[in-house]
Each structure stands twice: as C-alpha cells, then as structure tokens.
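Down below is the structure, laid out as structure tokens.
The values are calculated or read from the model by the stated rules, or taken from the named source; none is laboratory data. Worth saying up front: this structure is predicted, and the values here are computed from it rather than measured. Cβ sites come from the backbone with ideal geometry, for glycine too, and all protein chains shown count toward neighbours.
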Amino acid sequence: MDIKKLILPLVCSVFSVAGAFAQQRSCNMAVTLISPSEGAVIAAFAQFDVTVNIKNNGTADLVVGDTLWYNTPLMFDFNRQPFVLTEGIAAGQARTIKLATITNVDGSSTDQEQEFCVRVESNPTGNGAYIDPDFADNRDCNTIIQKATPTAINDVDKHGRMKLQLSPNPTPAMVKMTFSTERATEVNLSVKDMTGREVMTRNMGKVSQGAAELHADVSGLAPGIYMLELQGGGQSAIGKLVKQ
C-alpha cells in the first residue's frame, strides 16, 4: 500500500501589541504525537482527536494567549487554524494539548497505511514574539490505518432484503437509489443511523414493476454512516450510505 505523508504543521506566533517591541523569547519546542497513536485504526469518516505533547526546552516560557497555528490534509478546510493556549508551558516543562477533532475523509476503496505527522515550529517569518532556534525535535509521526469506505451490503441479507444500489457513495447531498420490484407499488424510505435510530422518513411515491430509480436529498443529515431502506409491496431493499 502507498505511504502518504499527512503533515500537520504547527506555526507558533503571538499577537501582542505590548510585546511587539520586546526581545523575542526563545522557546525550543519538542513535540511528541500522542493521538492518533501508532497503529491506530481509523474508520472511514470517523472522527478522531489530534493530541500532542509539547516540551519547552527553551529559556523562556510559552504563556497564556500565545497562538499556535496548525492544519492537516484531513480537515475539510486546508487553511491554517489558530489554537490559543489557555495554559502556558514553562521553560523546561511539558504539556499535553488536544489541538483538534478531525474527520477521516480519505474515502479510499481499500485500507490505507499512512504516516500521520505533526510538526511544531515558531513563526517561519521570524517576526513572532518568540523564536525556536532548533527544529531537530519539532516533528513526530505515527503510522495509522485508514479503513476503506464502506459499500453496499450483499445482494440479499439474512432477512431476505435485497441490495439497494446507492450512488454517489459517499455523498454530501443527493443520492440515487437503484433497485427492482416484483410489482408496481408505493415505496417508503427509512433512514437509520448506526445506533438503529430512525433519522429520516420519506414517501417516495409509486414505482412500476421491474428496475426502478429514485433520488433522495440527504443534505440535512450529519456526516456519518447510515442504513437506507426502501419498503413497498411486501418487499424491502437496503444499503449502507456514507454521508459527507
């Protein structure tokens, strides 16, 4: 399997008018990636925490209000995001910080082994209120397994329900449902989350005998995995949908 580099750069900077003319503080940071841990298995479209331990090996403190900037390719928004320290990290001390909760949106058709990396550094422009003079320990990585995107279930399940073909899958909004019926019938749609809770129902109208195709708008559902079931004429068809 291909190894992808998922680099999470963290750029530390401080915005303080009072400190704008002060001498830059020296904060030599060493980072350890805590979560996701080595060998962690991340389900498709599952959420997980990005947590790091940062040790300040510098001569000056990181203080409350200092801002860390970070991003990751696994976020929907690729722009840097700010993280404002609510607790300082004194010189010679370390602190564990949860930077974000993000979603695995890889969407691969096969499981992927990937190297998830975190990098922490001072403002690369050199204009921040502090500077990291040594980047040797600023990056740490763990290998994770990103699970494949789930697809529709088998043709007929143990309850005798037929397979419901869904496309596109995953989808952010509209989904096409393809199935077949033994007779003309009125069809109802039931959508359940993975706890079995029904989150949406729709009367889809009447379909003719044979192959049929219907469309549903699922844009109102939260991102996650859902079971879609069409029922009518004593028959049912079911499929698994990933909502982006």
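At a glance:
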read-out	value
Meets criteria (at pLDDT below 75, more than 21 Å from Asp140 (Cβ to Cβ) and in the same structural domain as Cys141 (by the TED database)) for Asn71	no
Selection count, the range 92-111, where residues are in contact with a Lys or Arg (Cβ under 9 Å, 6 or more places away or on another chain) and at pLDDT 85 or above	4
Checking Ser122 against (1) surrounded by fewer than 16 Cβ atoms within 10 Å (Cβ to Cβ); (2) modelled with pLDDT under 80; (3) more than 30 Å from Pro168 (Cβ to Cβ); (4) in contact with a strand residue (DSSP E or B) (Cβ under 6 Å, 6 or more places away or on another chain), the condition it does not meet	(1)
Filtered residues of the range 46-70 (kept if in a loop (DSSP other than H, G, I, E, B) and touching a Ser or Thr at 6+ places or on another chain (Cβ under 9 Å))	Ala46, Gly58, Thr59, Ala60, Val64, Gly65, Asp66
